[in-house]
1. If you take the residues of the stretch 194-204 that are without any contact (Cβ under 8 Å) to a residue 40 or more places away in the chain and under 17 Å from T165 (Cβ atoms), which of them is surrounded by the fewest Cβ atoms within 10 Å (Cβ to Cβ)?
2. Output the residues belonging to the stretch 92-113 that are assigned to a helix (DSSP H, G or I) and on the phi > 0 side of the Ramachandran plot.
3. The conditions are (1) under 30 Å from G99 (Cα atoms); (2) acidic (D, E); (3) not assigned by TED's automatic domain parsing to the domain that holds S102, and D152 fails exactly one of them. Which is it?
4. Does G230 count as more than 30 Å from A53 (Cα to Cα), surrounded by fewer than 19 Cβ atoms within 10 Å (Cβ to Cβ) and either in contact with a strand residue (DSSP E or B) (Cβ under 7 Å, 6 or more places away or on another chain) or not acidic (D, E) (or both)?
5. List the pairs whose first member sits in the stretch 32-43 and is in the same structural domain as P21 (by TED's automatic domain parsing) and under 18 Å from D128 (Cβ atoms), whose second member is buried (at least 18 other Cβ atoms within 10 Å of the Cβ) and among the charged types (D, E, K, R), and whose Cβ atoms are under 8 Å apart, counting only residues at least 6 apart or on separate chains?
6. So which residues in the stretch 175-193 are touching a Phe, Trp or Tyr at 6+ places or on another chain (Cβ under 6 Å) and either surrounded by fewer than 17 Cβ atoms within 10 Å (Cβ to Cβ) or aliphatic (A, V, I, L, M) (or both), if there are any at all?
7. Looking at G237, is it surrounded by 15 or more Cβ atoms within 10 Å (Cβ to Cβ), modelled with pLDDT of 90 or more and not aromatic (F, W, Y)?
8. Write out, first by first residue and then by second, each pair whose Cβ atoms fall under 8 Å of each other, whose residues are 6+ apart or on separate chains, and whose first residue, in the stretch 261-281, is surrounded by 10 or more Cβ atoms within 10 Å (Cβ to Cβ) while the second is assigned to a loop (DSSP other than H, G, I, E, B) and of a type in the set (V, I, T).
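The values are calculated or read from the model by the stated rules, or taken from the named source; none is laboratory data. Just so it is clear, the structure is predicted and the values come from calculations on it, not from any experiment. Neighbour counts are summed over all protein chains in view; Cβ atoms, including those assigned to glycine, are modelled from backbone coordinates with ideal geometry.
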Amino acid sequence: MTDQLFGPSDVGFTPEVNLLPHGAADTPDNYVVGQGQIRGGSNPELKPARSKAYTVGVIWSPKAHRGFSAELTYWKVKEKDVVGVIAAQTILQSVEDLGPNSPYIRNLPNGQPNPAYTGNRASAVSYDVRVEGFGDDGTPITAPGQVANNIDSVYMTRPLVNIATQDASGFDFTLKHKFEQGAYKFHLSSNFAYWKDYTFDGEKLAGRATVTAGTIPRWSNYTLLTVSRGGWQGFIGNRYIPKTFAPDETASGKTHAEAYDSVDVGIGYMFSDRGPRFLRGMKISFSAENLTQHEAAAAAGHVFGVQRGHRDVRSDRPEVPREGRLEVLIGVTRRPARRWRTRRPAQGSAALFWGW
C-alpha cells in the first residue's frame, strides 16, 4: 500500500489498444491497433479501500452414504473506494473522440480548466494525454482525431485513484464423494459457482462479458476426480463455462461469448517417512492444464477473457487461461514438518457455518 501512496512512477508502454478513429464508421477494418507511452503509479491522496464480507453455509454428510457430503454457501462482498486505474483503452478512445474536452484532460489548450475533467482539480496528481512527451514536455491535444493515427507519439499520464464501489454476491454448491476400491482411493468433487449479482460502479456485470470486467458467467462448474494408491496420486479435472451475453460486442453482430471447456490432468508421487531423510515428505508432480487447448470465451475478434477483470472479489476462484494453449507444470514440494488438520463434521451430521 505504501508503494501506491508514495512509490515511484511507472513509465512504459500502454497495453495494446484498439481505437476507432474519430468520424470513422464502426466497422472492424477501421480500427487501429497500437501502443502509446504511459506514466502512472503512486498517488499520495488515495483513501484506503473498505470492504465487508459475509458468508453463511451448511454442510450435509449423511450417515447412510459414507464419504459423501454436500455443501451450500452464500457469500456477499461490499467494497468502497476501490483502488485501481481507468483502462488505457477507455482514456485514449475518449481523447480521440472528444479531443481537449475529454474528461481525462485537465486543461484546455489555452491553459484554462477543462469543465469536463473527471479528476480532482485540487490534486497535483492528474490524468493527462499529450503528444511527443509527458506533461510540460509534450504538446497539448487541440482537437479530436489526434490519437488513433498517431498512437506511437501519444503520452498518457494515469495515476492510481479510488476508482469505484462494487457489490457482489453468489452461491457455491459443492458435492464430494470419497470411496475405496481395493488398494485405490477415489475422491470425486464437483463445484458449481453461481453469481447472483456483481455491480461495479453501478454497472451490472454478472452473467455478462464486458470490457469493464471481462467474462463473468452467471454460473460455472469444475469437476475433479483424484485417484491415489500408496504414494502415487493422479487427477483429471474438467472446467465448463456456458456462453455469456456480450453487450459490448457491436462490430460483428454476435451477442454472446462462446461456451468454454477445458481438461486438466496430472500425476504425482509423495515419498514416505520411511525412505532416505532428504526425500521424506517430498512430492514430485507433473500436470497439464487445458489439455484440449480450447480457446477462452470470446465474442468475434474481441477476447474478453474468462477472468474477473481488474477487480476480483472472489480471488479463490480458479482462473482460466485466456489463450487456447496447453500449459505444462512440473513441481517439487516438501511437506511441512507440522501438519494442521481442519475439523470436518462427523459422518451422519449436518453443520452450519458463517463468517464476516
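1. G202
2. Selection gives G99 alone.
3. Status for D152: all satisfied but (3).
4. When the stated conditions are applied, G230 passes them.
5. I38/R158; R39/R158; G40/R158
6. H177, F179, F186, F192
7. When the stated conditions are applied, G237 passes them.
8. These pairs meet every condition: D261/T292; S262/T292; S262/V320; V263/T292.
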